1. First check a/c for the range 493-568, with a ≥ b ≥ c the square roots of the eigenvalues of its C-alpha gyration tensor; if it is under 1.5, answer rounded, and if not, answer prolate when a/b is larger than b/c or oblate otherwise.
2. Assuming 0.36 nm per residue, please report the length gained on full extension of the stretch Glu608 to Leu796 beyond their Cα-Cα distance.
3. Quickly rank 784-793, 336-345 as a protection proxy: mean count of other C-beta atoms within 10 Å, highest first.
4. Divide the volume of the convex hull of the Cα atoms of the range 512-625 by its number of residues and quote the answer in cubic angstrom per residue.
5. Give the peptides 685-696, 537-548, 193-204 in descending order of average Cβ contacts within 10 Å, highest first.
6. Quick check: from the Cα gyration tensor, does the range 625-703 come out rounded (a/c under 1.5), prolate or oblate?
7. Within the range 794-822, what residues put their amide N at less than 11 Å from the label point 7 Å along the Cα-to-Cβ vector of Val667?
8. Using a 1.4 Å probe on the protein heavy atoms only, what accessible surface does Arg556 show? Give it in Å² to the nearest 10.
Amino acid sequence: MSFGGFIGSSSSGGNGGGDGGSGVSRVVADSPYNNTMPTAATIAHQSQQLVTSPLTQPMFNSSPLSLALKPKMEGIGDMGMIGENFDAVAMGRSSREDEYESRSGSDNLDGGASGDDLDAPLGKSSRKKKYHRHTPYQIQELEAAFKENPHPDEKARLELGKRLTLESRQVKFWFQNRRTQMKTQLERHENALLKQEYDKLRIENIAMKEAMRSPMCGHCGGQAILGEIHIEEHHLRIENARLRDELNRICVLANKFLGRPLGSFPGAMPPGMANSGLELAVGRNGFGAMNSADTALPMGLDFGNGLSSPLTMMSPRPTPSMSSTDVSFDKSMLMELAFAAMNELLKLAEIGDPLWFRNFDGSGEALNLEEYARSFPPCIGMKPSNFTTEATKATGTVMINSLVLVETLMDTSRWVEMFSCIVGRTSTIDVISSSASGSRNGNLQLIQAEFQVLSALVFVRQVKFLRFCKQHAEGVWAVVDVSIDTIQEGSQPREAGNCRRLPSGCIVQDLPNGYSKVIWIEHMEYDENTIHNLYRPFIRSGRGFGAQRWIATLQRQCECLAVITSSAVPSGDSAVISPSGRRSIAMLARRITRNFCGGVCATFYKWEPIQTGTAEDTKLMMRKSIGDPGEPPGIVLSATRTIWLPVTHQRLFDFLRNEQTRSQWDVLSHGGPMHQIVHIAKGQDLGNSISLFRANAASRDANQNSMLILQDSCTDVSGSIVAYAAVDTAEMNVVMSGGDSSCVAFLPSGFAIVPDCFQNSNNGMLEKEDNGGSSNGSLLTLGFQILVNSLPAAKLTMESVNTVNALISRTLQGIKTAFQCN
């Protein structure tokens, strides 16, 4: 594409492509003798002068350069040059683009004319061009094909042409013109953004100059005496920093259009100036040299639904070196790291192929590590040699608006409640930046958290990271995390650093129906040696800590919240429970699940290890409960064990949550079936529900008359949980009537089930899922919490340990017998 016509009003250059003859026309039109018809000799003489006149200034074929790279900008001494030329250039360019767009979308050139032929000078094309206007149906089909693949190969063009009764070259030229049109629209949008930014800077500059002419004393109201306080010099430095930032933006556009290196432009900011703290003070955040991903991205984020948001990209700086996680860090360093992470997150969300490729199961996307290494500089230093990279992306629609979701993510207590099966302990160490208006826009926090998979065979990931929230448009937010446990290049991680969190997070956009579209990205590096071989395929698949699990959990929790808070009673639920009673039961069930997850991973309380668990042995931990509200006093023993079963995930989940088959493994049922007295649905999936059981009269003794079993079951693509606890009948009656459930004492137990993700488990005999697809076996984790002594000061005895081990073995044996997999 030629840009010669964009500068035709100021010069005629030999490179002028499509306006080779327009320069002559303008000279004739602007001549003082334009009222009379000029002779041929006069026109020839003027044309010769126009072509042979020496160029005293460098000429460029790009409109952004013609408005920016003027001689006065080299010294950054005069701001009028940009403004005077900006409007003229934009008007000339806009008229040319409008003329082109009016025909490029639906017209095609016969005779083999391509998109570049449209800019050829008049007289250079020996063949007359004939326009062929496509039908509305053809245009509609071509547009649909363009959205799927803007660069079709010869086979695709032939098939499309045959279907639309078009020649292959007509399809080829239409796609060329359509791509050129999109590029033109993008350039116009970028220039409009630059002009808005420039106008804002010019107004601020004028206001500063006016304020400096007559500084007033804040104490007396009279004329200020500057003395040794160089206020004017300080403001000039601020102005120069902003001008350097603006020049860098223009240089990036110049590099995009001309392919010239950034360092070849005059006035480029030296590398040493990029780390100036002055730019942070005025709201700028340049980050050094641009990488290859910067020059290939448009200044907007397409969410795939026709909506686009102008997400402001922030240029990255070299990674600050951090040797510890002390909160006494220079806040400017933490802010620079947060801005760099936000920049990378936006680009990762926007770029598709070849940076991302689809998983085999189609549930998400995985990162192309080679392409990532070429496109992005290391944000927090080089990866240690013993670390493995895990990076996934998933997109989903969630029943929540963006403001509520952002508030949930920025409030650690609400965040851990929403993702209790993924997040263990968490705390906010420091609030580095916050908005004075109370908004979460610009909020920057330092957070410490533990991420977990429900098994003792997977170590808990302890991370200390920054969480930065930014609003990029109306109803469009982005929240990014980045670890500050940075490992300096060539060094080893600190003692607790078994992983680190690269720029990860989500981009949320409001939808018209009250829902939100969420793009979630998870990017972590971890030591795979801390994970048992049974769980390595599951973790590599992205279902353990990947974006698919975060999106699935968010969707399930939001659906549960919407159903529980609704006044309508879903079909199949117990109608005798009031809406307030349903909410109280749901809160108690959520607490049971959270305590169960914390007991399996030792992230909810401080546990003392008693016996290390392996794939064959049970992991035992102990804690002393002093009788806080919601838990019984005494010595609590936690027992956890994980086994592999050649049974599909869904089949095993249905078996464990069914009250009719519970007697085959639950010692509390005393060999008889359980009777369900309350059922509360938490979503459309039947597996997401809350149930209240009572043992049948024939199978319970006098001590069991006052006890009920409250069970919470949940499932999604990443796995399933069945958590339950024995609760007192009197306390449960209070909860069902809408009373406070926080004081109900219990000790939870339950199961966590995940697919094993093996390539071919069961010796090549893959079981069939209900939907007809093949599936491997499952990894089943059993967790018990048992009160072995009601006195907190008592000692743990070996008899109690043997009793708990026997209970674990009996339960697992009952499950194996039921599936005949001994």
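1. Prolate, since a/c reaches 1.5 and a/b exceeds b/c.
2. So the chain would gain 66.5 nm between Glu608 and Leu796.
3. 336-345, 784-793
4. 190
5. Top of the packing list down: 537-548, 685-696, 193-204.
6. Cα axes put the range 625-703 in the rounded bin.
7. Counting only backbone N, you get 800-812.
8. Surface open to solvent at Arg556 totals about 30 Å².
The values are calculated or read from the model by the stated rules, or taken from the named source; none is laboratory data. Being a predicted model, the structure only gives us computed values, none of them experimental. Neighbour counts run over all protein chains shown; Cβ positions are idealised from the backbone, glycine included. These accessible areas exclude ligands, DNA and RNA; they are computed on the full protein's heavy atoms, side chains included. Shrake-Rupley method; radii C 1.70, N 1.55, O 1.52, S 1.80 Å.
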